[in-house]
Each structure stands twice: as structure tokens, then as C-alpha cells.
Ligand SMILES: Cc1cc2nc3c(=O)[nH]c(=O)nc-3n(C[C@H](O)[C@H](O)[C@H](O)COP(=O)(O)OP(=O)(O)OC[C@H]3O[C@@H](n4cnc5c(N)ncnc54)[C@H](O)[C@@H]3O)c2cc1C
């Protein structure tokens, strides 16, 4: 049955999440450092009790399938949940669904041995540890064929050498999932790299520097040097040369959840913008009564609704097909429009708040920078737009005539061939 209404049985859960996130979780954003710093004693004191409440409510790690102890909610419900969870930067970790641990757990569930699952997957799902997913290298991230880090087989071990960067949360991670070139001469460039799971305390791994971006409380994106790092052969995830296939397991669901959290951040900016516009006056009128302000409000609302519908439709399609490849075009479309929606709404909120808008008292500069972050992480916007165009064009074939069939004179000829006798009969 086609419907835009939320499932009435699920609505109370969404209401609970909204209230819980706004009243109990969001205050942490102003008190604690990185959400992944589970080693901070304040994390134990403040975050663990909230996680326990989420577990008691049955809303912990809902992205997991039932085989891993999750609810198997499906993407549509997850999208609606993330729309609320994303109202706080601590939301995902309190609900057990923070990246990159979510994607890494999917990889481990799919490719890990029973021992690897016991050692890494179980504590990861319980948020007793956090992890790092690292493929980007200093010389190039958008083009994975530029990656140079190598893994060379030595008996029953692999030896890893090279550099990774923007390895988010490397400094807090218990283990890394890392991509390295094992088969440089493979015919297909996409069959040259393999994926490994590596404990963070393995000798030879050094964090050279941590980078941060405006709005983040701590520098957490590691430049990591790998020097003769030895890992047992069984730590390869998936087959040799299958790194790109393994990486795909994690990306699509994550992109969708990011999209709804980005929508949440943009929605918060929009709510603050609207409150300000009905509260402040200039030249005897509310700002809300000025037409150019109204245009910005209308454009923002429409952008938010369009984006939300696209994400929800994509989530619904993913639930129908249960195959991310089948909805690749839609996922890339969501990923490509997400930065612009956040950017435009944050920019309008900032500008319409006047001087207050550029200060650190309001979240608009953070949201603006974050719009660039979401346009880069998991691949830049341009690359996703190329995917959309490529997928769209698969449905079209080139014509072998000079003039296209849709030219008016051709349309008229065909219409007359079909209805000419009838017209002549009427005329007679
Ligand atoms: C906050 C943050 C966290 C991140 N976390 C991680 C992480 O945990 N693990 C990880 O492995 N990586 C991570 N990344 C890295 C991210 O995946 C890369 O930044 C991204 O893939 C782009 O690579 P690059 O930075 O090397 O840019 P480049 O490859 O140098 O590209 C620069 C720009 O060139 C343009 N461009 C590139 N390719 C094309 C193209 N084909 N067509 C048109 N234009 C193009 C785009 O405008 C692009 O932004 C993170 C990035 C950020 C910002």
C-alpha cells in the first residue's frame, strides 16, 4: 500500500528518540571531546548510562540484521531513526550506529572467520572498542587506482608498507581495516588490492600527525605510516585482489545513514533560522515579513523536503530490492545532493542571523564546513554525479538518423498516420 505516513507502531519509537536525543544526548556535544574517545573517563560516566537506556528500549545498533542481534528494521526505518539521531553529534554512538564502526562490522560479519568475529566483531558491536577504516593515501583519495601502499607475502604473513591519511579515529581504534596493493600486475586495476584487518598495536604502525577540521572538538584524522607491519595471512578479508568488492559491502548503507543525519543537521539550522526571523525586527517589520527573507525560507523548506523524499524513496527501494547495486544510481544521487542541501541552508541561516551568524555561539559555521566534509568523505560529489549520469544513460540508445524522432514534423506525420482517416471523416 502506497503511503507517506509513518507506521503507527513505529511512531512512538521515533518520538522517544527525538525527545531523548534533544534533551539528554545533545547536551554532551557541548561537554565532551571526540565521540569516538571511549577511553575518556567522562565517556564512561556520561555516555555509557545513555547507551544502557537505548539498549533497554531495544533501539541499540538497529542497522544490524537479526543474525547479529539487531532488529532487521530495514533502510526506511533506519532512515527515519537517523533523522532524529543526527540531531546530536553524540547521537550515533549513543545508539550504537556510528561510522566507521557500522561499516566495519558489516565487513567483519560478511568476511570474518569465527575467531575474528569473536575477537573484533562482538566487542565492536557492543562499543567496547572502536575501529578505523583506511584506504585514502596522501597522494590521492578520489582515484583508488593511485593507492601505493603494498602488502607482500612472506610465508604465512603479509608485510605492509606505505602511508595512509585521513584515517578517521585511528588514534582511538583497537584495529584497522586497511587496503593495500598485493597484485600490482593484475590485468584489471580493480583486482590489484586486498583488504586486511590489523590490530592497532601491531609493531610498525605510527601515527605521524592527526588532522582536524573546523567544528570538530579534537584532531582525529590520522596520517599513519606503515613500516614492515606483519599480519597473519588469515587477516586478509575477502579474497586476494578483492579489496574493492569488500569495500562496497560497507558503503551504501552508511551513505544513506549519513544523508539522514545531514538532513537532521540542516533541519536544525532551518528551525533556528525560522525562530530568528519571527523574533527580530528591522524598520518596524519582522524579518520574516520581508520578501527576500521569505524566499530564503521557502527555498530552504523545499530543498529539505525534496532531499528527504529522495532519501526515503531510496531507502524504500533498497528495502524492496535488498540489493544495493540495484539502487546505486539513487544512493549516488543522495550522496551528491547532500552537501549542497546542508551548505545552502547553513549559509542562509548564517547570513540571516547577521553578526551572530558568524560567531561560535551558533552552529552555522560548523554546519557550513561540515557540508564540505560530507561532500568529500566516501568520495567527492563529482564522482557520485558521474555515477548518476552513467546509470541514467544506461537506459538510452543512440539513434542512427540525422533528425531525432521527437521533432515536431515527425510527431505530426505519425499522429496523422494514426488518426488521419478519422480527421478526414469528421471533415467530410
Ligand atoms: C572529514 C573526513 C574524514 C575522512 N575519513 C576517511 C576515513 O576514515 N578513511 C579513508 O580512507 N578516507 C577518509 N577520508 C578521505 C576521503 O575519502 C577523501 O578525501 C576523498 O576520497 C577525496 O580524496 P582526496 O582528499 O585525496 O581528494 P582528491 O582525490 O585530491 O580530489 C580533490 C578534488 O578533485 C575533484 N575530483 C577528484 N576526482 C574527480 C573526478 N573523477 N571528476 C571530477 N572531479 C574530481 C573533486 O572536487 C575533489 O574534491 C575522509 C575525508 C574527510 C574530509
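The values are calculated or read from the model by the stated rules, or taken from the named source; none is laboratory data. Just so you know, these numbers come straight off a predicted model, no measurement behind them. Every residue, glycine among them, receives a Cβ derived from its backbone with ideal geometry; neighbour counts consider all protein chains shown.
Summary of computed values
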item: Members of the range 189-207 found to be touching a strand residue (DSSP E or B) at 6+ places or on another chain (Cβ under 8 Å) and either farther than 20 Å from residue 130 by Cβ or surrounded by 17 or more Cβ atoms within 10 Å (Cβ to Cβ) (or both), listed by number; result: 192, 193, 194, 195, 196, 197, 198, 200, 203, 204, 205
item: Qualifying residue in the range 342-349 (condition: assigned by TED's automatic domain parsing to the domain that holds residue 272, without any contact (Cβ under 8 Å) to a residue 60 or more places away in the chain and either closer than 25 Å to residue 137 by Cβ or away from the ligand (no atom under 16 Å from the Cβ) (or both)); result: yes
item: Verdict on residue 92 being surrounded by 20 or more Cβ atoms within 10 Å (Cβ to Cβ) and either modelled with pLDDT of 95 or more or in contact with a strand residue (DSSP E or B) (Cβ under 7 Å, 6 or more places away or on another chain) (or both); result: yes
item: Count of the range 121-150 residues which are within 16 Å of the ligand (Cβ to nearest atom) and in a strand (DSSP E or B); result: 6
item: Some residue of the range 157-170 being farther than 18 Å from residue 205 by Cα and assigned to a loop (DSSP other than H, G, I, E, B); result: no
item: Residue within the range 226-242 that is within 18 Å of the chain's Cα centre (by Cα), within 30 Å of residue 162 (Cα to Cα) and in contact (Cβ under 8 Å) with a residue 40 or more places away in the chain present; result: no
item: Some residue of the range 168-188 being within 16 Å of the ligand (Cβ to nearest atom), at pLDDT below 95 and either over 30 Å from residue 94 (Cα atoms) or surrounded by fewer than 24 Cβ atoms within 10 Å (Cβ to Cβ) (or both); result: no
item: Residue list for the range 23-52, restricted to those being surrounded by 15 or more Cβ atoms within 10 Å (Cβ to Cβ) and within 19 Å of residue 86 (Cβ to Cβ); result: 24, 25, 26, 28, 29, 32, 34, 35, 36, 47, 50, 51
item: Residues (surrounded by 10 or more Cβ atoms within 10 Å (Cβ to Cβ) and in a helix (DSSP H, G or I)) located in the range 388-417; result: 388, 389, 390, 391, 392, 410, 411, 412, 413, 414, 415, 416
item: Qualifying position, being over 26 Å from residue 125 (Cβ atoms), in a strand (DSSP E or B) and within 16 Å of the ligand (Cβ to nearest atom), among 214, 223; result: 223
item: Residue check for residue 228: farther than 30 Å from residue 74 by Cα, outside any helix (DSSP H, G or I), at pLDDT 95 or above and within 14 Å of the ligand (Cβ to nearest atom); result: no
item: Given (1) touching a helix residue (DSSP H, G or I) at 6+ places or on another chain (Cβ under 6 Å); (2) closer than 30 Å to residue 21 by Cβ; (3) surrounded by fewer than 21 Cβ atoms within 10 Å (Cβ to Cβ); (4) at pLDDT 95 or above, index of the condition residue 265 fails; result: (3)
item: Identity of the residue in the range 383-414, within 16 Å of the ligand (Cβ to nearest atom) and in contact with a helix residue (DSSP H, G or I) (Cβ under 8 Å, 6 or more places away or on another chain), that ends up nearest to residue 135 (Cα to Cα); result: 384
item: The lone exception for residue 318 - which of (1) within 16 Å of the ligand (Cβ to nearest atom); (2) within 23 Å of residue 264 (Cβ to Cβ) it fails; result: (1)
item: Residue tally, condition within 29 Å of the chain's Cα centre (by Cα) and either touching a residue at least 12 places away in the same chain (Cβ under 8 Å) or more than 24 Å from residue 84 (Cβ to Cβ) (or both), over the range 268-285; result: 6
